[in-house]
1. Take segment 33-50 and flag every residue that is hydrophobic (A, V, I, L, M, F, W, C) and without any contact (Cβ under 8 Å) to a residue 12 or more places away in the chain.
2. Working carefully through the options Ala116, Ala177, find the one that is over 17 Å from the mean Cα position of the chain (by Cα) and farther than 24 Å from Ala57 by Cα.
3. Could you tell me whether any residue of segment 35-48 is surrounded by 21 or more Cβ atoms within 10 Å (Cβ to Cβ) and among the aromatic types (Phe, Trp, Tyr)?
4. When you look at Leu62, is it outside any strand (DSSP E or B), at pLDDT 95 or above and out of contact with any Cys (no Cβ under 6 Å at 6 or more places or on another chain), yes or no?
5. Does any residue in segment 157-179 that is within 15 Å of Met69 (Cα to Cα) come within less than 7 Å, Cβ to Cβ, of a residue that is of a type in the set (Ser, Thr, Tyr) and not in a helix (DSSP H, G or I) six or more places away or on a different chain, and which pairs are these?
Amino acid sequence: MKINDLQVKEAILLPLFTLQRQSAVELFYTGYFSQQHIVSMGDVIRCWLDKNEASSAMRRKLFSVFIEMGQNIVRYSSDERFLCTGQDELRFGSLCFHTDRMNYYLETANLVGPEASSLLSTNLEVLRTMSQAEIRNAWKQGLRSEAPATSKGANIGLLTMARDTSEPLEYRIQPLAASSLSAFHLKATFCHE
């Protein structure tokens with residue numbers, strides 16, 4: 001079933017556009033994501049952090065979560081606009097890095113299918129109830145475990161994000177009308193040190 005452009009804009013773009021009125025947007029991208037795009041955007045974020053953030057620990061955390069969020073779009077975004085060029089997969093999504101006086105924020109939005117939607121909701125709800133010590137222990141255990149067959153990575157991405165953020169990960173899964181897909185928004189918050 002083909003999704004029209006207006007549905008995609010309403011589901012993926014509009015929630016992130018409102019951020020421009022609330023905080024300073026340092027990087028905003030909507031379009032196709034590939035590993036090369038993540039590297040390029042990573043260079044921008046790294047330069048901005050080198051100039052504006054004194055704490056090397058905070059720079060590392062922000063950059064680590066940025067990489068995980070970008071890779072999640074590349075690996076799991078479900079959209080009929082998916083492109084494949086040889087070994088590279090191009091998937092559609094949005095990413096925003098913004099800041100205010102108190103916090104840094106990384107947010108992503110992309111479409112997901114029903115199975116991914118259910119899995120994300122379950123995993124994120126569990127993470128939101130865990131303490132930082134429990135998250136760190138689960139992350140260490142995840143490094144030693146084999147990834148499930150459904151994972152396209154090491155299966156520790158959400159744990160890495162939850163470990164490095166200052167507050168629990170926020171998310172919203174909004175089903176699209178006339179489609180089996182849902183818009184998935186993920187927000188990571190980092191308190192200024």
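The values are calculated or read from the model by the stated rules, or taken from the named source; none is laboratory data. As the structure is a prediction and not an experimental result, all values here were calculated from the model. Counting neighbours? That spans all protein chains shown, and the Cβs are built from the backbone with ideal geometry, glycine included.
1. Start the filter on segment 33-50 by keeping residues that are hydrophobic (A, V, I, L, M, F, W, C), which leaves 33, 38-39, 41, 44-45, 47-49.
Result: Val39, Cys47.
2. Numbers: Ala116 fails: over 17 Å from the mean Cα position of the chain (by Cα).
One residue alone meets the criteria, Ala177.
3. no
4. Yes; evaluated as a whole, the condition is true for this residue.
5. Thr165/Thr189
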